[in-house]
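Working notes for the structure below.
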């Protein structure tokens with residue numbers, strides 16, 4: 001009984017290994033950059049977001065990624081808002097223009113119930129030394145199910 005199962009399993013494993021693995025490709029690579037750019041230029045926000053991801057993850061170039069995240073964010077892609085905010089926050093210092101712009105993007109996404117953006121908004125407020133406001137945003141992220149927001153809020157309330 002075990003031999004037929006093992007035999008079939010071995011054949012399936014072999015076929016998987018020798019078959020074309022294009023279906024297993026990274027989702028960012030499934031579309032060509034040209035196609036994504038064309039769609040992004042037509043305000044397809046998810047395409048702009050995917051270009052941003054390509055630049056940030058594959059090319060390790062956050063500077064190139066930022067304008068695509070910003071365009072996607074302004075078009076209503078709230079994960080892109082969070083990513084744009086993170087890129088800007090890493091560039092700036094408390095009260096800098098980068099922090100102010102990051103805050104704007106995090107607020108846009110947090111208003112639409114994006115828990116990570118609310119958490120990041122709390123992080124910015126904390127880095128600016130505004131503990132009460134930080135707790136407020138960590139609590140919001142916690143209410144939206146963000147475990148880290150719950151922990152951060154609890155620690156700051158002690």
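With a/c under 1.5 counting as rounded, go ahead and sort segment 69-158 into rounded, prolate or oblate using the C-alpha gyration tensor (a ≥ b ≥ c being the square roots of the eigenvalues; past the cut-off, prolate if a/b is larger than b/c, else oblate).
Values: a/c = 2.52, a/b = 1.31, b/c = 1.92.
Judged from the Cα gyration tensor, segment 69-158 comes out oblate (a/c at least 1.5, b/c at or above a/b).
How large is the translational diffusion coefficient of segment 27-84 in µm² per second when you combine the Kirkwood radius over alpha carbon pairs with Stokes-Einstein at 10 °C and 1.306 mPa s? Rounded, D is 149 µm²/s. When only Cα pairs below 8 angstrom with a gap of at least 6 residues are kept, segment 31-157 shows a relative contact order of 14 percent.
Compared with the alpha-carbon gap, the fully stretched path from residue 61 to residue 32 is longer by 8.6 nm at 0.36 nm per residue. Protection proxy ranking of 98-108, 76-86, 118-128, by the mean of other Cβ atoms within 10 Å over each peptide's residues and highest first, is 76-86, 118-128, 98-108.
Each of residue 148 and residue 95 was given a label point 7 Å from its Cα along the Cα-to-Cβ line. The distance between the two points is 2.7 nm.
Every number here is computed from the coordinates shown, using simple stated rules; none is lab data. Here the structure is a predicted model, which is why all the values come from computation and not from measurement. Because the Cβ atoms are built from the backbone with ideal geometry, glycine has one as well, and the counts that use them run over all protein chains shown.
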